[in-house]
1. Compute the distance in nm between two label points, each set 7 Å from the Cα along the Cα-to-Cβ direction, one at Asp174 and one at Arg127.
2. Is there a quick way to get the dipole size of the range 121-174? I mean about its Cα centre, with the Cβ of Lys and Arg at +1 and of Asp and Glu at -1; what is the value in debye to the nearest 20?
3. Taking every pair of alpha-carbon atoms in the chain, give the share separated by more than 20 Å as a whole percent.
4. Taking the number of other C-beta atoms within 10 Å as the exposure measure, put Ile140, Ile104 in order starting with the fewest.
Amino acid sequence: MNAFENWLCASGLWSYITRQKWLPWLLEGTSLGDHVLEVGAGPGAATAELARRARRVTSLEYSHEFCMALRAKTGAAGTVGSGNIVQGDASAPPFADGTFSGAIAVLVLHHLRSAQAQDRAFREIYRVLQPGGVFVALEIHDGWLSRVAHIRSTFVPLTLEGARQRLGTAGFSDLSAESGRGAIRLRAARPA
């Protein structure tokens, strides 16, 4: 992520927007169950709200700096298990098969370095979900403003149809990809 993204994502304004706008729309009509995997927690804009909605939240974050800051902010441990902040890659998470009842990724997938890395992440999220587990993701549209905001940063945008097809290839069912509120909302489930 570039300096602008780091600043914005760590701001109180972004936490407020995530809590008040993005999460209610993303989770509308969806239960993630009692043990949620937060993929790409960043500085934790969604973490506290997820903790209010689920009994256990495990946050996976690639950046060491964000992990350390989030651990300090939440008081969470740094080991693999329930209610922890774990440093790791979304395309190779260090969790056992069927660990989580639900998974969520808020503006994370476009930061993976390639479409192949995104596909590995889809397969891995599928793997760590329990049968019947739900995966939801929020992504931004590809456009000039998104590209400008990601100068000197990774930006691999997803399309609605492409995401739907790629999630299906990873094994998910009950696929939904829709555009609204200036973003893309993805929903998929691991078959029961």
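None of the figures in this text is laboratory data; all of them are computed from the coordinates on show. Just so you know, these numbers come straight off a predicted model, no measurement behind them. Glycine also receives a Cβ, built like all others from the backbone with ideal geometry; neighbour counts cover every protein chain displayed.
1. 2.3
2. 180
3. The proportion of pairs with Cα distances above 20 Å equals 50 percent.
4. Ile140, Ile104
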